[in-house]
1. At Asp48 and Glu137, where each label point lies 7 Å from the Cα along Cα→Cβ, what is the point-to-point distance in nanometres?
2. Taking the alpha-carbon centroid of each part, what is the distance from segment 182-197 to segment 11-56 in angstrom?
3. Starting from 0 in steps of 5 Å, tell me what percent of the Cα-Cα pairs of segment 1-133 lands in each bin.
4. Would you work out if segment 104-183 is rounded, prolate or oblate? Take a ≥ b ≥ c from the square roots of the eigenvalues of the alpha-carbon gyration tensor; rounded if a/c is under 1.5, else prolate when a/b is larger than b/c, oblate otherwise.
5. Residue separation times 0.36 nm, minus the C-alpha to C-alpha distance between Thr27 and His210: what's the value?
6. Helix-derived [θ] at 222 nm for the chain: sum -39500 (n - 2.57) over DSSP H runs of at least 4, divide by residue count, nearest 500?
7. Could you work out how far helix 108-124 tilts from the main Cα principal axis of the chain, as a 0 to 90 degree angle to the nearest 10?
8. Measuring from label point to label point, each 7 Å out along Cα→Cβ, what is the Glu144 to Ser218 span in nm?
Amino acid sequence: MSDLLDLALHAHGGLQRWREAETIHATGSLGGVLWSQVGQDGILAAADMSVDVQRQRLVFERFTGPELRGVFTPERVAVERRDGDVVAERTAPREALVGHDPDTPWDRLDVLYFAGYAMWNYLTAPYLLTRPGVVVEEAEPWREAGADWRRLRARFPHGMATHCAEQVFYYDQSGLLRRHDYAPDVLGGTPAAHFAEKHVQASGLVFPTHRYIVPAQSDGHALPEPRLITIDLDEISVV
């Protein structure tokens, strides 16, 4: 591992604590203009999610209905009743989004796949950078709003549900995540800059509780508007 990844892991709770963690539970709200662009405004305005730390699986409770839950895995997404009865499901959910752009209407299974893999990635970072097949290297530093941030360039293996093969993570001098750049394949590869703020500690791990995603220019500089997605978490626990 690079020394920057070591620093980031230490700042976010330490590799050993991440290895011990089984489930992250978080509640909050996902907003922004993207959801209305795809015809699903407000679908995650009240988000209650449980994340399996050691494998790619996430469950949204009360997903599109008080008695329903949405279950994400890379190979399958499903809306289920509390008793496990399947209301709707889709295998190979990423393939269903091929050819979409930010204005293509989504159904709730599209939302479940996108939000499921995205929140799994966000809530398990930087631990996800230690997963088998992920390759990281330190890139040139970056200056943002008067601060100097170190950057990790990561390449993700085929078969891992994530935004795109190559992404960049920005860390401040203490090792806390401040920005994350990617160009989501399922949104036509449009570059985005994801900012992370208001870090809190929960059961020994550290998480940003306020995030927002805006378009990024070809030179890497972020645009102030529109806020494509906002993520505000009001409760996080780890077991």
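1. Reported label-point gap for Asp48 and Glu137 is 4.6 nm.
2. 16
3. Computed distribution, short to long bins: 2, 10, 19, 20, 19, 13, 10, 6, 2, 0.
4. prolate
5. 64.7 nm
6. Computed mean residue ellipticity for the chain: -4500 deg cm²/dmol.
7. 30
8. The answer from the label model is 2.2 nm.
The values are calculated or read from the model by the stated rules, or taken from the named source; none is laboratory data. Keep in mind that this is a model prediction, so the values were computed, not measured. Cβ atoms come from the backbone with ideal geometry, glycine included; neighbour counts cover every protein chain shown. The area values use the complete protein model at the heavy-atom level, side chains included, leaving out ligands, DNA and RNA. Shrake-Rupley method; radii C 1.70, N 1.55, O 1.52, S 1.80 Å.
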